[in-house]
Structure formats: structure tokens, C-alpha cells
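Participant: Sharing a structure below in C-alpha cells format, with a few things to ask.
The values are calculated or read from the model by the stated rules, or taken from the named source; none is laboratory data. Keep in mind it's a predicted model, so treat the numbers as computed, not measured. No Cβ is skipped: glycine too gets one built from the backbone with ideal geometry, and neighbour counts run over all protein chains shown. We work out accessible area using only protein heavy atoms, side chains counted, and drop any ligands, DNA or RNA first. Shrake-Rupley method; radii C 1.70, N 1.55, O 1.52, S 1.80 Å.
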Amino acid sequence: MRRKLFSLLLFVSAGVSAQQNPMLWADFPDPDVIRVDDTFYMVSTTMHQFPGAPIMQSKDLINWQLASYVFERLEDSPKYDMQEGTVYGRGQWATSLKYHNGRFYVLFAPNEGGEMGRTYIYSAEQAGGPWTLVSRLPHFHDASLLFDDDGRVYVFYGTGEQVELSADLQHVVEGSHRQLFQREADETGILEGSRVVKHRGRYYLLMISQVWAPGRNRRQVCYRSEKPEGPYEKHIILESPYGGFPHAGQGTIVDTQYGDWYAIIFQDRGAIGRVPLLMPCRWIDGWPMLGDEDGRIPEHMRPLVSGQPATPVVVSDDFNSEELDAHWQWNHHPNDKAWTLTERPGWLRLKTSRVVSNFYLAPNTLSQRMEGPRCQASVTLDVSHLKDGDCAGFSAFNGQSCLITLKRQGRRLSLEMSEQQVNLNSHSKAVESVDEKVVEHIDLSASRPLPTVVYLRIDGDFRPGRDIATFYYSLDGQQWKQIGGDYKMRFDWQRLFMGTRYALFCYATKRLGGYVDIDGFSYRLINEE
């Protein structure tokens, strides 16, 4: 008797409590998802944000908790410290996550050339770490690790390439490189994002396909074979837009402990970034077909019955702990001597540690994701210890950012709303210049008494066709005034290649010794459309 599909996760009917796609309306690109017993684990890309390679866990494919980061730092290059270039849009990239013989493994290659781009393999007994470095291998772009049933280990990468690894994962088996297939003649765009699973003795390689031509959509394709070396045949398994945004593509499939299958595929959603969607996977004629019965991404899904409470991926923080909440990430490596939660308990202190010319070179910029459909965050800044030339504030952070900046110039204090765009060297990603437009300047020195505490707020609207950030300030924490106009946020793969984030910053342009104290980050997600 054929097993009933979707026994735990069904399309929604009247009166049923449901989860609306997207699975997470935030920037979680390049997802890989596996299951161990009754728990799902997911890894995504964070590039120049540290710590990196977040490992998430869930019981229901809806609520995801942060279990760990694979690494705190990557020490291959001074670029990670924003010296001799940067790693904007590079760093950790498209990580593969697997579980084998009681251990978790991740494999990723920074999107760099030379030694800096060599592939990392890390391993841990628990998803919560600690993670240890296993080996460094040649660069494998958008790679997927596969531990086969016979003990052999493969890496699928690039556009249909494959190598075999030694059993200890220390080197590539000599002569094992294969080109598994050739792309179709008209497939002149991207064909990448490898994710490999083995199901009922067959090998399935899922990839994103995009042809840059009118009328051609992004799609998810699948190559399958009876043997790891091929031959492979191809099938389109998803070609669907969703929710007023373009067609989705790139991700993976995973089964439940009861044998049902689901897909997590990301969708480009403008300034918010690349957002994972959840959908059924139906095995039809030996192919993993994604979406509903019409091949469309469903609007609503019923979550798995797990009892797991709602777990946010962006959180408020009162800074009362002696350790920074794990949801925060630093832009490049932090200078750990230049921030503290203990010198003034209940406040985060960001100290200037390097004289720089602009925001994009500022050490210790601290950020969390923004979320759709709408979100709001506010911070309280004590600016009484800023020195001449210091800049501190709050930003909608991306390659094209908008900042609310408190500036100390001599004895004067001002508040500016500015739009800034970074221009990067295409090779080294060094910051060559920053285009800045000051939209509104407010001289706070005219206020009596001179304010020492200023409240800043940023509202984000990521509904279709919007991508708008609005900025506010207050001198008493009660009455908010908008500064500047609406800012159109953007996603730009040629610069930072990330979704827009809330960011806190403090940097020096003249001399060191200044700092800003931040009394809490208050965040709320606005779900009402």
C-alpha cells in the first residue's frame, strides 16, 4: 500500500493553524539542511561576518535555534582584519553540512583565489561544537560532500565536477577528478550550488540554473545517476515565483524520520537578501519534484508537530550579560580589546581602535539581520565620551548603506542622516572610496543642555516593491522625529552580497581614545501586512 504523502506537513485547509512562507524572512543564503534522528540542522553563508558558518537546529522546519558557529576567525589573510584589502562578499561561502559515523562535518571554500581560497573541512561530535579543523584542500566552488555507503567520500562542485577524497579527508585521491556532464548549449548563465543526496541507491545532484535571456527563469534542476561517476540525466524539478518576488532556486531536500521529504530553497527578495522557502518534495518517477501538485511554491504549510516554541532569529538585547549574545556578528574580525560588556554593566562599550576614513573600514561594527515583512529596532547611545573626529551610530548596513551618525567635531555634536556607497577593488576587495550624500544635518550643540544620550531608531519595510528604511531620533526616548526621507535599500552582489543588516558602529577619523556606550537594542518584528 502506497504510503500517504505529507503525513506530517500538509497543505492547509480551513481552520488549520498554518505557517506562511517564507520559512525565515531574513538573509539565510545557500542553505544546506540535514536530519539526525528527530532534529534538523541547517548551515548558511555569512561571508565577512564573524563568527561564521552558523549551525541552526529545528524540530519542525519552522523554528530555528542557533546551535553554534563553526569558527570564530579565519587566520589565512590580513584581509579578514580589513588590512591589505577586505573580504566583503567573500569569506565563508556555500557550506556543505553532513553527518557521518556519529560526527558532523562542514565543507566550504572562501570565494577567493590562491591559498586563501583553499577548502576547509571542520568536524564536531555535537552540532553545538566545539568544531575542529580537519583539513585544507584545493578550492571547490559551491561544493557538496558525500559519504557513500561503501566508505568512499566524494566532493561534487562547480558545474558538474567531482573528486574523491581519502577516507581521512586529508587529500584528493590522485586521478579521481571527473567532469560528470556538460551543460546544455543554451544554458549560458549560472549552473552551480551543488547539493547531493543519495536515495534508494541513486545519486541526486541538485543545482540552481539560470539563463540570462528574456523569458528564462531561475529554476532548480536535478541530475541523477545509478553510480557516483555517472552517467547523469537531468530534470527540472522547480520553476516557480512566489509572493510577488522572482523565481526561487538553490537549496536542498531533506526527509523526516517518518520518510516524508521537504525542500528548502532560497529566493532573492531584494534588500532583505536571500530568503529560504519551505515546500514539499514529492518523488515522482524517481525524481524529487518540488512544490505543490502544480509545481508551485505553497503559500501556507502546516508545521511539523514538535512542541518547539517560537524561536526568533533576530533578538533584542539589554547587554546585561558578560558575554555577547550569539545572534550578533562582527563585520570582519573584531578587535576584542576595543569592546566590552563589563566596564559599564548593562551597556555595550565600543571603543575606537584604528583611525580610518570611512564607515566601511571601521573596526568592530556589530550587526544583526533585518527581517520581513517589516521590522523596527532602536538603540540608546551615550555619546559623552566621543573624541574630536569620532563617529558613532546606527545603520541599515549593506554595500549601499544609510547611516544615522553622531559626530563629535571639537566641542560640537551633530546628528547626520547620510547615504553611503562603497567602491571596492574587484580583485582585493580593498575599499577604494565611499560615495557619501548627507541628506540631513542637525546641530545638537544648540540644545541646552548639550545631550549626552541620544536615541536612534530604524524601521524596515520589505514588502514587495518597498525595501524602504526610515530613520528617527529622540532626545528623551519618548518623542521621535524622522530624520531625512525614506531610504531605498538595495541588494548588490558585486559589493557585500548580503541582505541589509542593523549595524552599530563607533570609529575614529582623527585620534584614538573615544568610545560610545549603548544601553540596549530593542527589536520587534511587524508581521501585519
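Participant: Given a 1.4 angstrom probe, what's the average accessible area per residue across the chain, in square angstrom? Write out the running numbers ahead of the final one.
Facilitator: Details: 20990 Å² over 529 residues.
On a per-residue basis, the chain sits at 40 Å².
Participant: Tell me, in nm to one decimal, what length is gained between Glu323 and Tyr99 on full extension, where the rule is 0.36 nm per residue of separation less the Cα-Cα distance?
Facilitator: On the way: separation 224, 0.36 × 224 = 80.64 nm, distance 2.97 nm.
Extending this stretch completely gives an extra 77.7 nm.
Participant: Still on this structure: Pairs to check: Lys234/Lys429; Lys407/Lys437; Lys387/Lys488; Lys59/Lys98. Give those whose C-alpha atoms are more than 25 Å from each other in this structure. Don't jump to the answer; show the numbers that get you there.
Facilitator: Working: Lys234/Lys429 37 Å; Lys407/Lys437 15 Å; Lys387/Lys488 32 Å; Lys59/Lys98 17 Å.
The answer is Lys234/Lys429; Lys387/Lys488.
Participant: Related question: Can you give me the distance in nm between label points at Ser428 and Asp388, each placed 7 Å from the Cα along the Cα-to-Cβ direction?
Facilitator: Label at Ser428, label at Asp388, 3.1 nm between them.
Participant: Given a Förster distance of 41 angstrom, what is the FRET efficiency for Trp493 paired with Arg200, based on the Cβ-Cβ distance and rounded to 0.05?
Facilitator: Working: r = 37 Å, r/R0 = 0.90.
Efficiency computed from Cβ-Cβ geometry: 0.65.
Participant: Rounded to whole Hz and in sequence order, give me ³J(HN,Hα) for the range 272-279 from the Karplus expression 6.51 cos²θ - 1.76 cosθ + 1.60, θ = phi - 60°, writing x for Gly and Pro.
Facilitator: 5, x, 10, 10, x, 10, 10, 7
Participant: Arg354's amide H: which non-local residues (gap 5+, or another chain) put their own amide H closer than 5 Å, with H modeled 1.01 Å from N in plane and none for Pro or chain starts?
Facilitator: Amide H neighbours of Arg354: Ala508.
Participant: I'd like the distance separating the alpha-carbon centroids of the range 326-389 and the range 281-313, in whole Å.
Facilitator: 38 Å
Participant: Okay, next question. What percent do you get for the relative contact order of the chain when only Cα pairs under 8 Å and 6+ apart count? It would help to have the intermediate numbers written out before the result.
Facilitator: Numbers: 1443 pairs, mean separation 78.9, N = 529.
This gives 15 percent for the chain.
Participant: Taking the Cβ-Cβ separation of Lys510 and Ala213 as r and a Förster radius of 41 Å, what is the calculated FRET efficiency to the nearest 0.05?
Facilitator: It comes to 0.20.
Participant: Students often check this: by mean Cβ neighbours within 10 Å, which of 168-177, 93-102, 127-136, 202-211 ranks highest, and how do the rest follow?
Facilitator: Working: 168-177: 12.2, 93-102: 19.0, 127-136: 14.9, 202-211: 21.6.
Result, highest mean Cβ count within 10 Å first: 202-211, 93-102, 127-136, 168-177.
Participant: Starting from the amide H of Glu161, placed 1.01 Å from N in the peptide plane, find each other amide H under 5 Å away whose residue is 5 or more places distant or on another chain.
Facilitator: Leu180
Participant: In nanometres, what is the gap between the two model label sites at Gln179 and Glu125, each 7 Å from Cα along Cα-to-Cβ?
Facilitator: The two pseudo-label positions are separated by 4.5 nm.
Participant: I need the shape label for the chain. Rule: rounded when a/c is under 1.5, else prolate if a/b > b/c, else oblate, with a, b, c from the alpha carbon gyration tensor.
Facilitator: Values: a/c = 1.99, a/b = 1.63, b/c = 1.22.
Prolate, because a/c is 1.5 or more and a/b exceeds b/c.
Participant: Amide H neighbours of Ser135 under 5 Å, at least 5 residues apart or on other chains, H built in the peptide plane: list them.
Facilitator: Correct list: Ile121.
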